[in-house]
């Protein structure tokens, strides 16, 4: 479990990871990031978002490549099911955030992972969004359950500790479990 | 603004939309849905999620096609930038959810839309997730801002009313702005 022999652990460049932490510690303002997505309605409940750039480390940056993702509603909800629903993207977000954190934390602790996989389930009662509830049913997920399978060259307690540290530092976990202000500005044409 | 001449408004089959509402009103239990994603770690902070099926309307269902999405961290955060970050998927989710709602609500109100587009920005101070804050900086977005451009055959007030109704019924808006329980179960191997 030493990190000195090979600085790359789990595909994470550990010396650069620690150097990055030092750089941010020395200059807190480079930690201010602004992420963005641009969405365009296609038809019905089908829309498409594009990711290209973001602001971070004090400057405007471009992703290595542009990514396009789509959403739609399923046919049983009168959509055309061209893509996953918007709420399904929340499930990817929490899985990917926890998994990235697990890889980073494990690398920082010198633990080589051999497998991280997860299934995420989100329970939602559509009486809320359909306006058929008396107010007792919320619009969003009642609960989200993440089941993580983690394997690596460490014991059960160490692996669980890595997952717990990832959860404690997860941006998506925080947004889902704590209120996040969402401002909506409308321009009509 | 009549919906009787053509039941398809904005690509939304309005009679089927109202029939679906009636069906759920008559049998509330078909409104219980469970969405799922399966995620697999690739390397470093890079992972991949797959969407194939979900439970809804009392039965197991398959999406019309399987969708794969990926996430990574940017290079400035010691990732390999193979895909958008996990938090960027939250921005797509809110844009797509509001947009689908706008199309549905407009159709139900007989308003033909000619354009819906949006940009979503999420501000995050990475001092939180990097563990460099004294506790005053949260891990997630400090705020999310959605700027929506909506055009259609209705006046400004009507279009704004449609957006507001979409917000009121948005599942993603609810998950972001209100606490949602996230349970994490860990299996080690």
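Residues that are part of a strand (DSSP E or B) and in contact (Cβ under 8 Å) with a residue 24 or more places away in the chain were ranked within segment B:45-66; the one that is farthest from residue A:116 (Cα to Cα) is B:56. For segment A:56-66, the condition holds for no residue, the condition being that it is touching a strand residue (DSSP E or B) at 6+ places or on another chain (Cβ under 7 Å), more than 7 Å from chain B (Cβ to nearest Cβ) and buried (at least 18 other Cβ atoms within 10 Å of the Cβ). Just give me the residues in segment A:153-168 being facing another protein chain (nearest Cβ under 7 Å) and crowded, with 19+ Cβ neighbours inside 10 Å, in sequence order. Within segment A:153-168, A:159, A:163, A:167 meet the criteria. A single entry from A:37, A:93, A:106 fulfils the requirement of being in contact with a strand residue (DSSP E or B) (Cβ under 9 Å, 6 or more places away or on another chain), more than 8 Å from chain B (Cβ to nearest Cβ) and surrounded by 21 or more Cβ atoms within 10 Å (Cβ to Cβ): A:106. Only one entry of A:72, A:123, A:134 meets the criterion of being within 7 Å of chain B (Cβ to nearest Cβ) and without any contact (Cβ under 8 Å) to a residue 60 or more places away in the chain, and that entry is A:123.
A count restricted to segment B:124-143 and to residues that are under 17 Å from residue A:183 (Cβ atoms) and modelled with pLDDT under 95 stands at 0.
Taking the numbered list (1) in a helix (DSSP H, G or I); (2) closer than 22 Å to residue A:48 by Cα; (3) more than 22 Å from the chain's Cα centre (by Cα) in turn, residue B:23 passes all entries but (2).
Filtering segment B:118-129 to residues that are farther than 16 Å from residue B:93 by Cβ and surrounded by 18 or more Cβ atoms within 10 Å (Cβ to Cβ) leaves B:125, B:126, B:127, B:128, B:129. Evaluate segment B:151-166: report whether one residue or more is touching a helix residue (DSSP H, G or I) at 6+ places or on another chain (Cβ under 6 Å), touching a residue at least 24 places away in the same chain (Cβ under 8 Å) and closer than 30 Å to residue A:160 by Cβ. Checked segment B:151-166: no residue is touching a helix residue (DSSP H, G or I) at 6+ places or on another chain (Cβ under 6 Å), touching a residue at least 24 places away in the same chain (Cβ under 8 Å) and closer than 30 Å to residue A:160 by Cβ.
Kindly indicate whether residue A:150 is more than 8 Å from chain B (Cβ to nearest Cβ), crowded, with 22+ Cβ neighbours inside 10 Å and not in a helix (DSSP H, G or I). No.
In a loop (DSSP other than H, G, I, E, B), within 21 Å of residue A:21 (Cβ to Cβ) and more than 7 Å from every other protein chain (Cβ to nearest Cβ): is that true of residue B:81 in this structure? Here the answer is no, as residue B:81 does not meet what is asked.
Just so you know, in segment B:12-34 the residues that are out of contact with any helix residue (DSSP H, G or I) (no Cβ under 7 Å at 6 or more places or on another chain) and in contact (Cβ under 8 Å) with a residue 12 or more places away in the chain include one that is surrounded by the fewest Cβ atoms within 10 Å (Cβ to Cβ), and it is B:29.
Condition test on residue B:42, is it surrounded by 15 or more Cβ atoms within 10 Å (Cβ to Cβ), outside any strand (DSSP E or B) and modelled with pLDDT of 95 or more? For residue B:42, the condition - surrounded by 15 or more Cβ atoms within 10 Å (Cβ to Cβ), outside any strand (DSSP E or B) and modelled with pLDDT of 95 or more - is not met. If you go through segment A:137-147, how many residues are over 12 Å from residue B:31 (Cβ atoms) and more than 7 Å from chain B (Cβ to nearest Cβ)? So the count comes out to 0.
The values are calculated or read from the model by the stated rules, or taken from the named source; none is laboratory data. Fair warning: this is a prediction, and the values are worked out from it, not measured in the lab. So basically every Cβ, Gly included, is an ideal-geometry build from the backbone, and we count neighbours across all protein chains shown.
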